[in-house]
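The values are calculated or read from the model by the stated rules, or taken from the named source; none is laboratory data. Predicted, not measured: the structure shown is a model, and the values here were computed from it. Using ideal geometry, Cβ is built from the backbone for each residue, glycine included, and neighbour counts are taken over all protein chains shown.
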Amino acid sequence: MRRYKAVVGILLAAIATFLVSCGGGPEAVAPTYTPEKIAQLTNYVSRLESSRNRFPELLNYIEKDNWINVDNFTHGPLGQLRSELSRLSSQLLPDDQPKAKALSEEILGHLQNLDEASEARNYGEALTQYREFVGDFEALLSIVPEGARQEAIDQAAEEPDVFEMTTTIPEEPAIRAEEEDMVRTPVLLDGDTEDTIEALGGDAENIGDDA
């Protein structure tokens, strides 16, 4: 009987050990964005949103074959893009970082191709690279948590761009004649003076005397 109890005790201990080993430790907590991380993301994304707000300006330069300002834009407002993308990718969740880094490389590749197309004055290639650049840029920003991005959009709308008014070559304004400089009466040809004055309801003799 004592042997039986001893065997049963050993079996129960073995079963308990097996169950504990199968249960494992506490479940791992999935990484999340802390308030501090959201604040950092907002700071980085707001700079990218400021650049994004000016993309239509770049498109306008391309469509007008204004290659000087295309070059100014890619090396001015977008000149720090590589470092800004790198900072953003490092602040995302581990699962999102590979995709963000891949999109960042695509973005920078399109920007380089756009710069080369601008140097070659190749409108079609420049337009294609611009569209792909914008598409990948939007895809990258879609990874950012909604709260951080919306706050970044609000900040970008309020804060002026440091490159504002420094990247464009101003066009000369059209010179228009003032009203007092404009001719109000028809030009008179020799021999037509009297006929023209009478047609206008005047007295040729009196006008001649006044002159």
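Just to be sure, is Arg82 under 15 Å from the mean Cα position of the chain (by Cα) and basic (Lys, Arg)? For Arg82, the condition - under 15 Å from the mean Cα position of the chain (by Cα) and basic (Lys, Arg) - is met. In the stretch 89-106, the residues that are among the acidic types (Asp, Glu) form Cβ pairs under 8 Å with partners that are outside any loop (DSSP other than H, G, I, E, B), at six or more places apart or across chains, as follows: Glu106/Glu132; Glu106/Asp136. Failed condition for Val144, given (1) at pLDDT below 95; (2) in a helix (DSSP H, G or I); (3) under 16 Å from the mean Cα position of the chain (by Cα); (4) of a type outside the set (Phe, Trp, Tyr), with all others met? The number of the failed condition is (2).
Count of the stretch 34-75 residues, restricted to those that are of a type outside the set (Val, Ile, Thr) and not in a helix (DSSP H, G or I), is 5. Scanning the stretch 101-122 finds one or more residues that are of a type in the set (Lys, Arg), more than 17 Å from Val134 (Cα to Cα) and either touching a strand residue (DSSP E or B) at 6+ places or on another chain (Cβ under 6 Å) or surrounded by fewer than 14 Cβ atoms within 10 Å (Cβ to Cβ) (or both).
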